[in-house]
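The values are calculated or read from the model by the stated rules, or taken from the named source; none is laboratory data. This is a predicted model, so every value here is computed, not measured. Backbone-built Cβ (ideal geometry, glycine too); neighbour counts: all protein chains shown. The area values use the complete protein model at the heavy-atom level, side chains included, leaving out ligands, DNA and RNA. Shrake-Rupley method; radii C 1.70, N 1.55, O 1.52, S 1.80 Å.
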Amino acid sequence: VQLQASGGGLVQAGGSLRLSCAASGSIFSPNTMGWYRQGAGKQRELVALITNGGSTNYAESVEARFTISRDNAKSTVYLQMNSLKPEDTAVYYCNLRSVMPDRNYWGQGTLVTVSS
């Protein structure tokens, strides 16, 4: 399975960006797709997850500002990021995980920079 992320860039505080991640290959269902991020000198952290059925989970720091969605037919997950803050600056990684079989895949990361 390959994950191709896109949509990162430079934005001013208060602005918006939309990340996309398309999965290709032998994808097992059910699965969960999501986004993680890693800021400079920090550990990778969860941003948001979404299951096949549309159940979502958000980090407290982004809830109400970010929205995760997916198109199962296209095996693509999106992250709409609004009201961006400088502390959202990080490399954002796409993730896909299946339970049966247990598989965990990562995309290459896309850089989001929020200027103050």
(request) Heavy atoms only, probe 1.4 Å: what % of the accessible area of the chain goes to carbon and sulfur, would you let me know? (result) 48
(request) Please arrange Phe66, Phe28 by accessible surface area, largest first, computed with a 1.4 Å probe and ligands excluded. (result) Phe28, Phe66
(request) Using DSSP to define loop residues, name the trypsin sites (Lys or Arg not before Pro) in segment 18-94 whose beta-carbon has at most 13 other beta-carbon atoms within 10 Å. (result) Lys42
(request) Give, in nm to one decimal, the length gained when the segment between Thr113 and Arg97 is fully stretched (0.36 nm per residue of separation minus the Cα-Cα distance). (result) 3.1 nm
(request) Report the extension gain between Asn82 and Trp106 in nm, rounded to one decimal, defined as 0.36 nm multiplied by the number of residues separating them, less their alpha carbon distance. (result) 6.3 nm
(request) Compute log10 of I(q)/I(0) for segment 41-83 with the Debye formula, placing one identical point scatterer on every Cα and leaving out solvent, at q = 0.13 Å⁻¹, to two decimals. (result) -0.30
(message) Could you derive backbone 3J(HN,Hα) for segment 59-70 from the dihedral phi with the Karplus parameters 6.51, -1.76 and 1.60 (θ = phi - 60°), listing whole Hz in sequence and x where the residue is Gly or Pro?
(response) 5, 4, 5, 10, 4, 6, 10, 10, 9, 9, 8, 8
(request) Enumerate by residue number the GluC sites (Glu not before Pro) in segment 16-77 meeting two conditions: DSSP loop (anything except H, G, I, E, B), and at most 12 other Cβ atoms within 10 Å of the site's Cβ. (result) Glu60, Glu63
(request) Return the single residue from Leu17, Leu49, Leu96 with maximal mean-square fluctuation; model: Gaussian network over the chain, springs between Cα atoms under 10 Å. (result) Leu17
(request) Can you check how the C-alpha radius of gyration of the chain compares to 2.2 N^0.38 Å, as a plain ratio? (result) 1.01
